[in-house]
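The values are calculated or read from the model by the stated rules, or taken from the named source; none is laboratory data. Nothing here was measured: the structure is a model prediction, and the numbers come from that model. When we count neighbours, we look across all protein chains shown, and the Cβ atoms used for this are built from the backbone with ideal geometry, even at glycine. Surface areas here come from the heavy atoms of the whole protein model, side chains and all, with no ligands, DNA or RNA. Shrake-Rupley method; radii C 1.70, N 1.55, O 1.52, S 1.80 Å.
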Amino acid sequence: MSKLVEFFSSLRWRVFLIVFAIGILPALIGAYMIYSSVRERSISSDATSISSQATLIADEVISNDYFNNPSQENMNMELSAIGNVYSGRVMILDAQLKVVKDTYEMYEGRTVVWENVILSAYGNTTSDYDEKNHTLTVTVPILDEETSDTLGIVLITKTAEYMEANLAYYWSLCVLFSMIVAFIALFVAVFTSIYSSKPLSDVRVGIDHLAKGFGDGNLRLNEYSETQAISDAFNTYNSKMKQLDDSRQEFVSNVSHELKTPLTSMKVLAESITSMGEGAPVEMYREFMEDIVNEIDRETSIVNDLLALVKMDKRDAVMNVAPVNLNELIELILKRLKPIAEKQEIELVLESFRPVTVELDEVKFTLAISNLIENGIKYNEPGGFVHVSLNADHRYCYIRVEDSGMGIPEESLDHIFDRFYRADKSHSREIGGNGLGLAITKNAIEMHHGEIKVASTLGEGTTFDVRVPLSYIQEEVL
Ligand code: ADP
């Protein structure tokens, strides 16, 4: 059943139907029109010849004064002969529609009020084909030559059997012609439907082939421009998926590596404590234990950051958006980070150009900006500064975090937002970085449909520019 449904909803079936209909319909209509016109013409030519015969009779009726002398032998014989020729009847009616002569001798003496007879009484010639009885009836008025008054009517009925036989022959020709056309249309429709759906089956076969692991992963269907376009689109998509898979694998291996490092250190420290034996000084134990605690903190911070990142990575991550006074929010962040800055002798300055209210997810945005300012403090020298400025126009708010720190090498600028990327690995690890902070920041800003840019000069400092729309855009326009 489903195969049947599949067939009837296929492109192949629809193409077949359309081509077949286009092929057969005009032929059927044409055949019917030709048949009808042949039929019309045979009836009208028959009617013309009968009516000229009737006119001749009308002339003779007048010239022989038939109404006053209807028993004329030769005239009656002529009328019977004409009736026989037509396999029908001839009737002569007078002006009162009374039948003076009927070669069938059925109506003589009776008055008839048929529609065609009445029309002829008013001077008209009529012809009427009776479909049921296959008879053609013609009526012609007998007119007075001088006054043009109707003196009577000649009515001739012809049995049209011969014409019907002729028409039946034409009809069978039409049927034969239609059948030949139907056969050709069927052949062309089957061929076209198979041929037109071939590129699509090629695509399906190609993708099946790749799905089974054959080929180099690229679709190559260059026979038609359409399949070439599908191949190109498929290959672009495929290479994106490959990239995604590579980056996922890289991410997993980075995570394992990053989580293993503190564990290895802890193991070494714990083994050292065990091997020191009973006589080791207490300070030594304490120092080693402090190191272990530091490693545990590191591990915890990596896990926390990973959790934050995964949460934001989900496509349907929940955004708790509400209007937030950004001036107050940044002041709060600076207040929280002030002790760390003071400890490292870094000056922390906020410059607000105007009051700014933005629709934000406060938690995610705080995390994003805190990471930037923390980095400004971390990758700095004692006596340096971190300058935060806040501005807005009618659409966006702009946050700039500028520091006088060590700067980022140019070749690293493209990578600092990658997960686990650290420009200066040993230094960063020493400072306590895990390479996830900026990835989290970028994700959080992008979730607000904002943008982040970085500019840096090695040895002079780094500037991060963040731009976020004042109103949260619910649906991202694709
Ligand atoms: P980390 O936890 O290592 O700081 P981030 O993702 O926050 O990770 O930053 C990635 C890398 O970018 C850092 O390791 C550092 O090398 C570099 N970086 C980030 N911010 C700054 C900055 N303000 N000054 C200099 N280098 C920076």
TODO: Can you run down the residue pairs with Cβ atoms below 6 Å, 6 or more apart or on separate chains, where the first is in region 436-461 and farther than 16 Å from Ile373 by Cβ and the partner is more than 13 Å from the ligand (Cβ to nearest atom) and open to solvent by 30 Å² or more (accessible area, probe 1.4 Å)?
DONE: His449/Ile473; Gly450/Arg467; Glu451/Arg467
Open item on the list: Looking at (1) assigned to a helix (DSSP H, G or I); (2) outside the structural domain of Leu307 (by TED's automatic domain parsing), which one does Leu219 not meet, given that it meets all the others?
Closed with: (1)
TODO: Might you let me know whether region 173-192 holds any residue that is closer than 23 Å to Asp46 by Cα and part of a helix (DSSP H, G or I)?
DONE: yes
- [ ] Determine whether Ser231 is hydroxyl-bearing (Ser, Thr, Tyr), surrounded by 14 or more Cβ atoms within 10 Å (Cβ to Cβ) and in contact with a Leu (Cβ under 8 Å, 6 or more places away or on another chain).
- [x] yes
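Please determine whether any residue of region 418-425 is part of a strand (DSSP E or B) and open to solvent by less than 30 Å² (accessible area, probe 1.4 Å).
To start, the set of residues in region 418-425 that are part of a strand (DSSP E or B) comprises none.
Checked region 418-425: no residue is part of a strand (DSSP E or B) and open to solvent by less than 30 Å² (accessible area, probe 1.4 Å).
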Open item on the list: Given (1) more than 9 Å from the ligand (Cβ to nearest atom); (2) at pLDDT 95 or above, identify the lone condition not met by Glu410.
Closed with: (2)
- [ ] Six or more apart or on different chains, Cβ under 6 Å: which pairs go from a residue in region 271-292 that's within 20 Å of Thr261 (Cα to Cα) to one that's outside any helix (DSSP H, G or I) and open to solvent by less than 100 Å² (accessible area, probe 1.4 Å)? Could you list them?
- [x] none
- [ ] Give just the number: which of (1) at pLDDT below 95; (2) touching a strand residue (DSSP E or B) at 6+ places or on another chain (Cβ under 8 Å); (3) of a type outside the set (A, V, I, L, M, F, W, C); (4) open to solvent by 30 Å² or more (accessible area, probe 1.4 Å) does Gly405 not satisfy?
- [x] (4)
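One residue is enough: does region 43-65 have a residue meeting the conditions assigned to a loop (DSSP other than H, G, I, E, B), open to solvent by 50 Å² or more (accessible area, probe 1.4 Å) and modelled with pLDDT of 90 or more? First the steps, then the outcome.
Narrowing region 43-65 to residues assigned to a loop (DSSP other than H, G, I, E, B): 64-65.
Of the ones still in play, those that are also open to solvent by 50 Å² or more (accessible area, probe 1.4 Å) are 64-65.
Right, trim to modelled with pLDDT of 90 or more and you get 64-65.
Yes; the residues of region 43-65 include at least one that is assigned to a loop (DSSP other than H, G, I, E, B), open to solvent by 50 Å² or more (accessible area, probe 1.4 Å) and modelled with pLDDT of 90 or more.
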- [ ] Could you check, for region 347-363, whether at least one of its residues is within 13 Å of the ligand (Cβ to nearest atom), open to solvent by less than 60 Å² (accessible area, probe 1.4 Å) and in contact (Cβ under 8 Å) with a residue 24 or more places away in the chain?
- [x] no
Task: Conditions (1) within 15 Å of the ligand (Cβ to nearest atom); (2) at pLDDT 95 or above; (3) in contact with a Phe, Trp or Tyr (Cβ under 9 Å, 6 or more places away or on another chain); number of the one not met by Leu390 - done: (1)
Open item on the list: Given (1) within 25 Å of Leu436 (Cα to Cα); (2) aromatic (Phe, Trp, Tyr); (3) modelled with pLDDT of 90 or more, identify the lone condition not met by Phe251.
Closed with: (3)
- [ ] Spot the failing condition for Asn327; the list is (1) open to solvent by 90 Å² or more (accessible area, probe 1.4 Å); (2) touching a Leu at 6+ places or on another chain (Cβ under 9 Å), and only one is missed.
- [x] (1)
